[in-house]
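Working notes, structure below.
Each reported figure results from applying straightforward, stated rules to the coordinates on display, with no laboratory input. Quantities reported herein were computed from a predicted structural model and do not represent experimental measurements. All Cβ positions, glycine included, derive from the backbone under ideal geometry; neighbour counts span all protein chains shown.
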Amino acid sequence: MSALLSIKNLRAQYKKGGEVVFSNLRLETQTGKATALLGPNGCGKTTLIAVLAGLIPNFSGEIFFQGRPWTREALRHVAFVFDRAGFPPFMNATSLLRFFSKLYGIDNGVQRAHEMLELAGLQGVKKPYFQYSQGMRQRLAMALAVLKGPRLLILDEGLTFIDRTNKERMIENLKTQMAKGHLSILLATHSHEECRRLADEVLNFNELVETTERCFQK
C-alpha cells in the first residue's frame, strides 16, 4: 500500500544557522488510518507540524502527499488543529461555520454547518467566540477542520482541552470517517489515552529522529 504522507530525511531549525530541532526524520502514514506521534512537550512534534503547515521555512528533506511533492495544492486537502485556536471574537459557532461553508463552496452548506455544530456540541450556543472556554474553542476548531472534508487531518494536541463526553463523540465520528476511507489522521500528543482510543499506529517521536537534544534533556 502506498503511503498517503511520506517524509524522508527531514531536518528542521527555527532560523538559518540556529539550533537543529531534529534531523533525519522518517515517517509514513496510510490512507484511512490514524498515526499518533507520542512524546513529551518540547521534543519536536509541534515543530514537525509547523513545517507541514508551512510555518517554518528552514528545513530540508523530502515530503510527499499521495506520491506528489508537498505543495500548496497538497495543503488544500489537509486540515490542521492546534492546541489553541483563534477566530473572530464577536462571531459565534453558527455564523463561523456558515461563513466557512460558503467560503469553501460546500454544497448544502447550511446543512453541513448544522452537522458540524452537532459534532462540536455547540448547537444553540449564541454567545460570541470570545466568551467560549478553551474546550469550546477547540471543539469549534475541530468542527471547522473537518467541515470541508479533508483527506488528512493533522492534530497538534488538538483534543487536549475537550471534555470527555465531547471528545468521545468526536473520536467516534473521526473513526467512522476513517473506516469509510474518507479521512486519515496524524496526531501529535503526549496522551496515552488519546493514542489508545484513536490511533491505529503509535510511534515514539524520539525513535523517528536522529538528533532531538531537547527530548533527551527532559
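Beyond 20 Å between alpha-carbons counts as too far, so tell me which of Lys8/Lys148; Lys45/Lys148; Lys45/Lys175; Lys102/Lys127; Lys33/Lys175 fall in that bin. Result: Lys8/Lys148; Lys45/Lys148; Lys45/Lys175; Lys102/Lys127 exceed 20 Å.
A simple packing score, the average count of other Cβ atoms within 10 Å per residue, orders the peptides 174-185, 24-35, 97-108 as 24-35, 174-185, 97-108, with the highest score first.
Quick check on the chain: of the DSSP beta bridges with both residues there, what percent are antiparallel, nearest 5%? Percentage antiparallel, nearest 5: 45. Near Pro57, once Lys and Arg are set to +1 and Asp and Glu to -1 for all other residues with Cβ below 10 Å from its Cβ, the sum equals +2. Within the listed set Phe22, Phe90, Phe205, the residue fluctuating most in the Gaussian network model of the chain (springs between alpha-carbon atoms under 10 angstrom) is Phe90.
Could you check which residue among Leu55, Leu186, Leu75 shows the biggest mean-square fluctuation in a GNM of the chain with a 10 Å Cα cutoff? In this elastic network of the chain, the residue with the biggest mean-square fluctuation among Leu55, Leu186, Leu75 is Leu55. Compared with the dominant principal axis of the Cα atoms in the chain, helix 164-179 is inclined by about 70°. Residues whose amide H falls under 5 Å from that of Val21, counting only those 5 or more places apart or on a different chain, are Ala12, Gln13, Tyr14, with hydrogens built in the peptide plane. Let a ≥ b ≥ c be the square roots of the eigenvalues of the Cα gyration tensor of the stretch 90-155; is it rounded (a/c under 1.5), or, if not, prolate (a/b larger than b/c) or oblate? Here the stretch 90-155 falls in the oblate category. Under a model in which nothing but the beta-carbon of Lys, Arg (+1) and Asp, Glu (-1) is charged, the stretch 83-218 shows a dipole of about 660 debye around its Cα centre. Based on the alpha-carbon gyration tensor of the chain and its eigenvalue square roots a ≥ b ≥ c, which shape applies: rounded if a/c is under 1.5, prolate if not and a/b is larger than b/c, or oblate? Verdict is prolate for the chain. Classify the stretch 39-162: rounded, prolate or oblate, from the alpha-carbon gyration tensor (a ≥ b ≥ c, eigenvalue square roots; a/c under 1.5 rounded; otherwise prolate if a/b is larger than b/c)? The shape class here is oblate. Averaging the sequence gap over all C-alpha pairs within less than 8 Å and six or more residues apart, then dividing by the number of residues, gives the chain a relative contact order of 33 percent. Residue separation of Gln134 and Leu55 scaled by 0.36 nm, minus their Cα-Cα distance, works out to 26.1 nm of gained length. Helix 134-147 and the long axis of the chain differ in direction by around 90°, with both axes built from C-alpha atoms.
Working from label points 7 Å from Cα in the Cα-to-Cβ sense, the Glu28 to Glu172 distance is 3.4 nm. Compared with the dominant principal axis of the Cα atoms in the chain, helix 93-103 is inclined by about 70°.
Between the listed residues Ser6, Gly39, Gln123, the Cα displaced farthest toward the positive end of the dipole of the chain, a dipole computed from Cβ unit charges relative to the Cα centre, is found at Gln123.
Note on Glu201/Arg164: beta-carbon distance plugged into 1/(1 + (r/R0)^6) with R0 of 22 Å gives a FRET efficiency of 0.40. Peptides 135-142, 62-69 ranked from most to least packed by the mean count of surrounding Cβ atoms within 10 Å: 135-142, 62-69. Length available on full extension from Gln123 to Arg72: 0.36 nm per residue minus the Cα-Cα distance, which gives 15.1 nm.
Between Lys8 and Arg84, take the C-beta separation as r, use R0 = 35 Å, and let me know the FRET efficiency to the nearest 0.05. Efficiency, from the Cβ-Cβ distance: 0.70.
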